[in-house]
Amino acid sequence: MMNPAAGSASHVCLHCNAPTADDDFCCSGCRFIYQTIHGLGLGEFYRYRSAEEAARATAPDAAMPVYESYDHDDFRDSHLNLLPSGNLRGVLHLSGIHCAGCVWLIEKLPQLLAGVRTARLNFADANLELTFDPARIKLSEIASFLHSLGYPSCPLEEDRMADAERKEERVLLLRLGIAGFAAANTMLLAVSLFQGLFTGIEREYAELLRRTSMVLAIPAVFYSALPFYRAAFGAIIARRFHIDLPISIAILVAFFLSAWNTAVGREHVYFDSAAALVFLLLASRYIQRRALQRARREARAGWSFLPSAARLIAGGTRRLVSLRALKEGDVVEVLPGERFPSDGVIEQGESSVDLSVLTGESLPDRVSHGGTVFGGTLNISAPLQVRIRASFATSRVGRLLDEMSRGERRPARFLSFTERVSAVFVVTVVVLAVITLVSRWQLGPRDAIETTLALLIVTCPCALALASPLMMALAVSRAARRGILIKHVDSLERLTRVKEIYLDKTGTLTRGVLTVSATFPERPHPSVLDAGVALAALTPSHPVSAALLRSLPAASRKEVHAEHPELVAGRGVRAQVAGAEYRLGSRRWMEEWGVGIQPEERAFIEAAEAAGSSISILAHDRRIAALFRLDDQVKPEAEHCLSKLTGTGRAVFILSGDRSATVRELGARLRIPVERCFAEKYPEEKRDILRSSTSTTAMVGDGLNDGGALQSADVGIAVAGGIQPNIEVADIIIPDGDLDSVGILIDGAHNLFRRLRAVLALSAVYNLCGAALAMAGMMNPLIAALIMPLSSVTVIGIALYSDPFSRGKEGGR
Amino acid sequence: MSIIYVLLPLSLILALIGLVAYIWALRSGQFDDLETPARRVLFDDDQPKSPE
């Protein structure tokens, strides 16, 4: 992992540009990659990236995961395609893609590895499509090679949604192209017709031009514009209003009126306006779609917290099988550092298990023969043999995931902004139309009808229909630049109405990792610290050890080794350091052993436990050498952020799976009333709390244990540590976990809607002018062709140019 | 001015060719990934050396 050392940044890592003390590299990972790349003669890689891109490079974790499962038959059947040539084709999702150099490097694969035929990387998705000859190279070898270059991979799960999205986008582009073709050509023809309105045009040519325009407009009006009609129709059936309703009316009226006029040989045709309208609206949809997609893509974590394979024990041998092949009753072996593939009962072994993914609880549980374990949780200290009790689909994690993928968001409690606008709009236009029709009837029915229809055309709310989605898309991309990824744009409006905000504790309000917050004595002897570090290094995946390794200064650079290590599951670890025996572990173990505890030491321990913190004891010779108090540190901005949120009349709640004492302590510190602090809640209980609330709610959380709650809230905000299922159901994602972003988000949402209302007012002015002209009988295609683009352009210009999203979203820093 | 009966279809056919080219590019997936090619532009063409 990247490991920026303290000290002067006079040097930067040659690979990832992190500041380093006096070395060329920040860590052995970066050094290894650099040497590999140069060793392959690919030093050009470093030429192709900018400094900021370099900073996003990371070195992979030292432990290379099991890529062997890529070679199995059932993997091949489910993930790879067999081509007629005998080659296999598949897609791997890579992490660590950050610059053009990565594309260059990876697409060189055919030249670097014999047997790889083609390699094509999609930079935005970080998906690598490759074909290879299975007779010459194995996929696991390819994956290992990529991993050694800094690109860990995982199989791309069949992403039906991405396929459907791509198809949708192609259809949209097709409609757009056809509409553009129609619009451009009808507009050219219209120029001649406009001319003709003033200087006269021979009848036969006018007819030719009108008829050609009609033919050109037909594909635009009857194919390209279909999405608008469908939305409008759906709105009518559901008895709601939708902005596509007046738009569809305008387009269809424009076409049929013009078609009629063409048939009977009258002058006014609006084919160009109709086609241009379709084109502009589709173009804005496309732009909006791309802007939203960019934010969503960056949100995709791309790694699954589940293992892709399990080690099945059958008939005395161990065999890797894919997760899907596991059945109830199978016995699997789970090594320390690995996650359980499904729910089960322990057959053999004793270990500690980290349940944080499910409960958010920072401290591991001890388990032994007969105990239950849950799929997705982490085995920490010793190998275990587990009899699988349920297939993955019926395991607890599996069911939570399934519910999240099927679940629907709560139905909207209120009409959205654009719905209300469309409603008012349609009613006003209908009223005006009736007035026009009636008042002009005496002048001649045909004239009255034409005037009324012209009114319907020119009052099309195209400006609003164009500006509003573009403004929302712009807000999304500005937010993304700010580190806030908005997946569902409609959640912004709900955000302005949120009355209750629920926050998870572990990983959301706190950093989610244990650190050493205090030691006793305050400055332990360096040799004691060395011993502590050495013992902790024996079980690096244990949260307590990780905390010690992270927080204790590496007193001296020389490596201190622990000899004759002995791990006692659930108790601690014992080893010899420099000839002296040390133990590191829980209080219970120390008391069993007979360690003497001095009064000050006891006071320290009890103070910590009363506050819900944990204590780890390092002992030597039946005496305490050092006490470490471990806390999950609260994020520094938490207090300030929560008081700001409460200040605006919203209720803030803490919703945690962790122990009561810890949650109470946190609530007191953050000044959340105790009745608004929920502790020891299972994921299902969290979800139910959100569901049963009657106000508009927002949920901020990270782990899987928050997934159901995120989905049941009106606005679900996922913070850093993105477990992939959360990313799927969350509306908004804050990858860096900065809590201030929540406040900024809410402010920004309010700003956005203020501006939307201003834009609406402006476009209403245009529409009223156009309506006035139409009602006065002064409407003709030229004026329509001018008003509609003019209104659209000015409204969009103002929406995009006056960009005070910066003040709303980036201000306050 | 009756030349317009020739010019109009002619220009429409030209425009149609453009549209057809667009549709072909769309169908062959050239619009699917608009970001990666932007990065590929920077690469030099070197001699491919295959380790066969």
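Hey, does segment A:94-102 have a residue that's within 11 Å of chain B (Cβ to nearest Cβ), aliphatic (A, V, I, L, M) and surrounded by fewer than 20 Cβ atoms within 10 Å (Cβ to Cβ)?
no
Assuming A:Ala179 fulfils every condition listed in (1) over 34 Å from the mean Cα position of the chain (by Cα); (2) at pLDDT 90 or above; (3) not charged (D, E, K, R) apart from one, which condition is it?
If we test A:Ala179 against (1) over 34 Å from the mean Cα position of the chain (by Cα); (2) at pLDDT 90 or above; (3) not charged (D, E, K, R), just (1) comes out false.
With the requirement that a residue be over 17 Å from A:Ser69 (Cβ atoms) and either of a type in the set (Phe, Trp, Tyr) or within 11 Å of chain B (Cβ to nearest Cβ) (or both), what does segment A:134-147 give you? Talk me through it step by step, then tell me what you get.
Taking segment A:134-147 first, the residues over 17 Å from A:Ser69 (Cβ atoms) are A:135-136.
Once the filter is applied, which keeps residues that are over 17 Å from A:Ser69 (Cβ atoms) and either of a type in the set (Phe, Trp, Tyr) or within 11 Å of chain B (Cβ to nearest Cβ) (or both), segment A:134-147 yields only A:Arg136.
For A:Gly90, all conditions in the list (1) modelled with pLDDT of 85 or more; (2) in a helix (DSSP H, G or I) hold save one; what is the number of the exception?
The one condition A:Gly90 does not meet is (2).
Give the residue, chosen from A:Ala225, A:Ala217, A:Ala190, that is surrounded by 22 or more Cβ atoms within 10 Å (Cβ to Cβ), within 20 Å of A:Ala784 (Cα to Cα) and touching a residue at least 60 places away in the same chain (Cβ under 8 Å). Talk me through it step by step, then tell me what you get.
Details: A:Ala225 fails: touching a residue at least 60 places away in the same chain (Cβ under 8 Å); A:Ala217 fails: touching a residue at least 60 places away in the same chain (Cβ under 8 Å).
Going through A:Ala225, A:Ala217, A:Ala190 in turn, just one is surrounded by 22 or more Cβ atoms within 10 Å (Cβ to Cβ), within 20 Å of A:Ala784 (Cα to Cα) and touching a residue at least 60 places away in the same chain (Cβ under 8 Å): A:Ala190.
So if I check each of A:Gly150, A:Gly180, A:Gly196, which one is at the interface with another protein chain (Cβ under 9 Å from one of its Cβ atoms) and either out of contact with any Gly (no Cβ under 7 Å at 6 or more places or on another chain) or crowded, with 22+ Cβ neighbours inside 10 Å (or both)? Break it down into steps so the answer makes sense when it comes.
Working: A:Gly150 fails: at the interface with another protein chain (Cβ under 9 Å from one of its Cβ atoms); A:Gly196 fails: at the interface with another protein chain (Cβ under 9 Å from one of its Cβ atoms).
That would be A:Gly180, the only listed residue that is at the interface with another protein chain (Cβ under 9 Å from one of its Cβ atoms) and either out of contact with any Gly (no Cβ under 7 Å at 6 or more places or on another chain) or crowded, with 22+ Cβ neighbours inside 10 Å (or both).
Quick one: would you say A:Ala761 is modelled with pLDDT of 85 or more and open to solvent by 50 Å² or more (accessible area, probe 1.4 Å)? Step through it out loud before you land on a result.
Numbers: modelled with pLDDT of 85 or more: yes; open to solvent by 50 Å² or more (accessible area, probe 1.4 Å): yes.
When the stated conditions are applied, A:Ala761 passes them.
Given (1) at the interface with chain A (Cβ under 10 Å from one of its Cβ atoms); (2) assigned to a loop (DSSP other than H, G, I, E, B), where does B:Gln30 come up short, assuming only one miss?
That leaves (1) as the condition not met.
May I ask you to list the residues in segment A:109-122 that are open to solvent by 30 Å² or more (accessible area, probe 1.4 Å) and either more than 8 Å from chain B (Cβ to nearest Cβ) or under 33 Å from the mean Cα position of the chain (by Cα) (or both)?
Matches in segment A:109-122: A:Arg117, A:Thr118, A:Arg120, A:Asn122.
Could you pull out the residue among A:Glu169, A:Glu204, A:Glu267 that is within 14 Å of chain B (Cβ to nearest Cβ) and surrounded by fewer than 15 Cβ atoms within 10 Å (Cβ to Cβ)?
Numbers: A:Glu169 fails: surrounded by fewer than 15 Cβ atoms within 10 Å (Cβ to Cβ); A:Glu267 fails: within 14 Å of chain B (Cβ to nearest Cβ).
On inspection, the qualifying residue turns out to be A:Glu204.
Could you tell me whether A:Glu665 is over 27 Å from the mean Cα position of the chain (by Cα) and open to solvent by 20 Å² or more (accessible area, probe 1.4 Å)? Walk me through how you get there before you give the answer.
Values: over 27 Å from the mean Cα position of the chain (by Cα): yes; open to solvent by 20 Å² or more (accessible area, probe 1.4 Å): yes.
It is true that A:Glu665 is over 27 Å from the mean Cα position of the chain (by Cα) and open to solvent by 20 Å² or more (accessible area, probe 1.4 Å).
Can you find even one residue in segment A:272-286 that is over 47 Å from the mean Cα position of the chain (by Cα) and open to solvent by less than 40 Å² (accessible area, probe 1.4 Å)? Write out each step before concluding.
Initial filter on segment A:272-286 (over 47 Å from the mean Cα position of the chain (by Cα)): none.
No, segment A:272-286 contains no residue that is over 47 Å from the mean Cα position of the chain (by Cα) and open to solvent by less than 40 Å² (accessible area, probe 1.4 Å).
When you go through A:Glu338, A:Glu347 one by one, which is the residue that is modelled with pLDDT of 70 or more, open to solvent by 10 Å² or more (accessible area, probe 1.4 Å) and in contact with a His (Cβ under 9 Å, 6 or more places away or on another chain)?
Numbers: A:Glu338 fails: in contact with a His (Cβ under 9 Å, 6 or more places away or on another chain).
Every option except A:Glu347 fails the conditions.
Let me confirm something: among B:Ala15, B:Ala38, which residue is open to solvent by less than 100 Å² (accessible area, probe 1.4 Å) and modelled with pLDDT of 90 or more? Steps first, answer last, please.
On the way: B:Ala38 fails: modelled with pLDDT of 90 or more.
Within the list B:Ala15, B:Ala38, the selection yields B:Ala15.
Suppose the filter is modelled with pLDDT under 85, in contact with a strand residue (DSSP E or B) (Cβ under 8 Å, 6 or more places away or on another chain), under 30 Å from A:Asp702 (Cα atoms) and not in a loop (DSSP other than H, G, I, E, B); does A:Gly512 pass it?
yes
Which condition number does A:Glu157 fail, the rest of (1) open to solvent by 40 Å² or more (accessible area, probe 1.4 Å); (2) at pLDDT below 85; (3) more than 24 Å from A:Asp73 (Cβ to Cβ) being met?
Exception for A:Glu157: condition (3).
Could you tell me how many of the residues in segment A:764-780 are modelled with pLDDT under 85 and assigned to a helix (DSSP H, G or I)?
So the count comes out to 0.
Yes or no: A:Ser477 surrounded by fewer than 23 Cβ atoms within 10 Å (Cβ to Cβ) and part of a helix (DSSP H, G or I)? Write out each step before concluding.
Numbers: surrounded by fewer than 23 Cβ atoms within 10 Å (Cβ to Cβ): yes; part of a helix (DSSP H, G or I): yes.
Judged against the criteria, A:Ser477 is a match.
Taking segment A:607-635 as the region of interest, how many residues are at positive phi and touching an Asp or Glu at 6+ places or on another chain (Cβ under 9 Å)?
At the first step, the residues of segment A:607-635 found to be at positive phi are A:612, A:621-622.
With the extra rule that they be touching an Asp or Glu at 6+ places or on another chain (Cβ under 9 Å), the set shrinks to A:612, A:621.
Final tally of qualifying residues: 2.
Would you say A:Leu257 is in contact (Cβ under 8 Å) with a residue 40 or more places away in the chain and within 14 Å of chain B (Cβ to nearest Cβ)? Talk me through it step by step, then tell me what you get.
Working: in contact (Cβ under 8 Å) with a residue 40 or more places away in the chain: yes; within 14 Å of chain B (Cβ to nearest Cβ): no.
No; evaluated as a whole, the condition is false for this residue.
Which members of segment A:379-422 meet the condition of being at pLDDT 85 or above and either closer than 30 Å to A:Arg755 by Cβ or assigned to a helix (DSSP H, G or I) (or both)?
None - no residue of segment A:379-422 is at pLDDT 85 or above and either closer than 30 Å to A:Arg755 by Cβ or assigned to a helix (DSSP H, G or I) (or both), so the list stays empty.
The values are calculated or read from the model by the stated rules, or taken from the named source; none is laboratory data. Worth saying up front: this structure is predicted, and the values here are computed from it rather than measured. Here Cβ is always computed from backbone atoms with ideal geometry, including for glycine, and neighbour counts include all displayed protein chains. Note: areas computed on protein heavy atoms with side chains; ligands, DNA, RNA excluded. Shrake-Rupley method; radii C 1.70, N 1.55, O 1.52, S 1.80 Å.
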